[in-house]
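Accompanying notes for the structure given below.
The values are calculated or read from the model by the stated rules, or taken from the named source; none is laboratory data. Note that the structure is a prediction, hence the values are computed from the model and not measured. Using ideal geometry, Cβ is built from the backbone for each residue, glycine included, and neighbour counts are taken over all protein chains shown. Ligands, DNA and RNA are excluded from the accessible area calculation, which covers all protein heavy atoms including side chains. Shrake-Rupley method; radii C 1.70, N 1.55, O 1.52, S 1.80 Å.
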Amino acid sequence: MVDHTVRSFDADLETLDRHISEMGGIAEKMLSDAMDALATMNAELAHRVVETDLRLDHLQRTVEDLAVRTLARRQPVAVDLRDVVGVMRIAADLERIGDQAKNIAKRTTKIAGEPRLSRAVIGLKSMHEVAANQLKDVLDAYAQRDASAARAVWARDAELDALEDSVFRDLLTFMMEDPRNITFCTHLLFCSKNLERVGDHATNIAETVVYIVTGENLSGEDRPRGPEAAALP
């Protein structure tokens with residue numbers, strides 16, 4: 001009976017891991033497609049990103065339902081308990097990353113007909129590269145239960161904050177140069193905030209990975225933030 005219970009619990013954990021892996025893949029693809037849509041003003045691709053968010057929402061609910069049932073049936077302790085609780089936290093952050101990608105896609109559909117300012121998107125592409133790398137690295141850290149790799153992602157949070165500040169200054173300059181750029185650049189400002197939030201959620205996942213592996217709670221107050229933090233050695 002004990003052996004059966006252990007095998008059943010392991011099966012639950014494996015299923016949860018598969019769902020998280022699927023959610024991570026969907027979130028990465030949504031973010032990449034949303035940025036491609038924004039860079040090319042591809043409204044059709046943007047609409048597909050919005051539609052994909054429903055799948056991510058469904059998976060989050062599936063993860064939460066299974067995790068709650070697992071907690072009720074198995075009553076795990078120590079690292080097993082942290083695994084199940086951590087999965088719910090990670091699923092919530094991945095769902096929110098999908099929301100950020102969806103928001104970028106929605107704004108793309110709004111400005112697809114606006115006069116394009118190609119150089120205004122360059123900074124956002126840099127932000128996306130950093131955010132996408134953070135997301136990939138933290139998902140790898142979770143899959144490998146690598147607390148050190150997760151800490152490395154956590155420590156890089158300031159890089160995206162600094163890029164957001166730079167993008168803000170650039171977009172403000174473009175708006176001052178020509179009032180016709182105001183609508184387009186204002187939407188891009190919101191997109192830059194969406195990308196910065198992706199980094200925040202990746203950092204949240206990094207904190208959760210450290211918690212799962214070590215039981216340690218990294219303090220959000222200690223996160224490196226902003227240009228000053230990015231300059232720290």
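With touching a Gly at 6+ places or on another chain (Cβ under 7 Å) and within 23 Å of Val84 (Cα to Cα) as the only criterion, which of Leu160, Leu139 stands out?
Leu139
Is it the case that some residue within the range 191-205 is in a helix (DSSP H, G or I) and more than 19 Å from the chain's Cα centre (by Cα)?
No, the range 191-205 contains no residue that is in a helix (DSSP H, G or I) and more than 19 Å from the chain's Cα centre (by Cα).
Looking at the range 115-150 only, could you name the residues that are in a helix (DSSP H, G or I), charged (D, E, K, R) and either at pLDDT 95 or above or buried (at least 18 other Cβ atoms within 10 Å of the Cβ) (or both)?
Listed by number, the residues that qualify are Lys125, Glu129, Lys136, Asp137, Asp140.
So, of the residues in the range 156-184 that are acidic (Asp, Glu) and within 15 Å of Leu117 (Cα to Cα), which turns out to be least open to solvent (accessible area, probe 1.4 Å)?
Asp178
Just give me the residues in the range 185-216 being aliphatic (A, V, I, L, M) and either open to solvent by 70 Å² or more (accessible area, probe 1.4 Å) or more than 24 Å from Asp137 (Cα to Cα) (or both), in sequence order.
Leu188, Leu189
Condition check: crowded, with 23+ Cβ neighbours inside 10 Å and either farther than 27 Å from Val84 by Cβ or touching a residue at least 40 places away in the same chain (Cβ under 8 Å) (or both). Does Val153 satisfy that?
Answer is yes for this residue.
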